[in-house]
Amino acid sequence: MLAVAVGDPPLRDPVQTGRLTLRRYQPTDVDPLLSYYGRAEVCRYLLHKPWSRPDAREAVSERINRTGWAAGAIALVVERDATVIGNLSAWKLAGTHYSAEISWVFSPDFSGHGYATEATLALLDLVLS
Ligand SMILES: CC(C)(COP(=O)(O)OP(=O)(O)OC[C@H]1O[C@@H](n2cnc3c(N)ncnc32)[C@H](O)[C@@H]1OP(=O)(O)O)[C@@H](O)C(=O)NCCC(=O)NCCS
């Protein structure tokens with residue numbers, strides 16, 4: 001859980017880190033996300049089963065609207081060299097003004113390079129700025 005800044009600063013988009021681009025969702029993200037959310041090992045500790053294609057479509061259409069605190073949440077896709085490798089979210093906790101949670105999911109195909117670490121630090125900068 002995070003203590004977040006009050007107010008509703010506009011979401012910078014995209015956010016560049018040393019190696020990664022964090023950007024808002026777009027309709028073409030369905031297949032890239034399905035490529036890892038469809039895998040059992042990725043969903044093992046998540047609160048849902050591996051996604052089907054309709055699951056991926058529904059999730060992307062919801063996440064497109066998560067553009068900042070005014071929308072209640074920030075949802076970003078993470079790209080490395082124009083390839084989607086993971087995604088991040090932050091959302092305000094219901095009933096609070098200052099608390100938020102974050103989550104991150106990355107493709108195992110790109111694990112072990114510190115990408116999840118690098119992207120999550122950038123998300124923290126974003127939500128705490
Ligand atoms: C958890 C998860 C995000 C980790 O992804 P990842 O890509 O392996 O993460 P990173 O590459 O940033 O870190 C993995 C390792 O790389 C190391 N690493 C390599 N290069 C690094 C660098 N340049 N900077 C930082 N760490 C680096 C880290 O130290 C870390 O080592 P450790 O596993 O011994 O602790 C990923 O496995 C996942 O999405 N799992 C399924 C979903 C999930 O459980 N999400 C979390 C709950 S919301």
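Is one or more of the residues making up the stretch 79-95 more than 16 Å from the ligand (Cβ to nearest atom) and within 23 Å of Asp13 (Cα to Cα)? Scanning the stretch 79-95, I find at least one residue that is more than 16 Å from the ligand (Cβ to nearest atom) and within 23 Å of Asp13 (Cα to Cα), so the answer is yes. With the condition kept exactly as written, say whether any residue in the stretch 67-76 is at pLDDT 95 or above and over 26 Å from Arg19 (Cα atoms). Within the stretch 67-76, none of the residues are at pLDDT 95 or above and over 26 Å from Arg19 (Cα atoms). For the stretch 8-49, a residue qualifies if it is in a loop (DSSP other than H, G, I, E, B) and either in contact with a Pro (Cβ under 9 Å, 6 or more places away or on another chain) or under 15 Å from Trp104 (Cα atoms) (or both), and the qualifying residues are Leu20, Tyr25, Gly38, Arg39, Arg44, Tyr45, Leu46, Leu47, His48. Given the condition more than 16 Å from the ligand (Cβ to nearest atom), buried (at least 19 other Cβ atoms within 10 Å of the Cβ) and on the phi < 0 side of the Ramachandran plot, answer yes or no: does some residue in the stretch 65-73 qualify? Taking every residue of the stretch 65-73 in turn, at least one turns out to be more than 16 Å from the ligand (Cβ to nearest atom), buried (at least 19 other Cβ atoms within 10 Å of the Cβ) and on the phi < 0 side of the Ramachandran plot. Restricted to the stretch 100-109, and to residues that are of a type outside the set (Ser, Thr, Tyr) and near the ligand (Cβ under 6 Å from one of its atoms), which residue is surrounded by the most Cβ atoms within 10 Å (Cβ to Cβ)? Taking the candidates together, the pick is Phe106.
Could you check, for the stretch 50-64, whether at least one of its residues is closer than 16 Å to Ser107 by Cα, surrounded by fewer than 18 Cβ atoms within 10 Å (Cβ to Cβ) and not small (Gly, Ala, Ser)? Yes - at least one qualifying residue is present in the stretch 50-64. Considering the stretch 111-125, the residues that are more than 21 Å from Arg66 (Cα to Cα) and among the hydroxyl-bearing types (Ser, Thr, Tyr) include one that is surrounded by the most Cβ atoms within 10 Å (Cβ to Cβ), namely Tyr115. From the list Arg19, Arg39, the one residue that fits, being touching a residue at least 60 places away in the same chain (Cβ under 8 Å), more than 14 Å from the chain's Cα centre (by Cα) and under 17 Å from Glu118 (Cα atoms), is Arg19.
The values are calculated or read from the model by the stated rules, or taken from the named source; none is laboratory data. Worth saying up front: this structure is predicted, and the values here are computed from it rather than measured. Because the Cβ atoms are built from the backbone with ideal geometry, glycine has one as well, and the counts that use them run over all protein chains shown.
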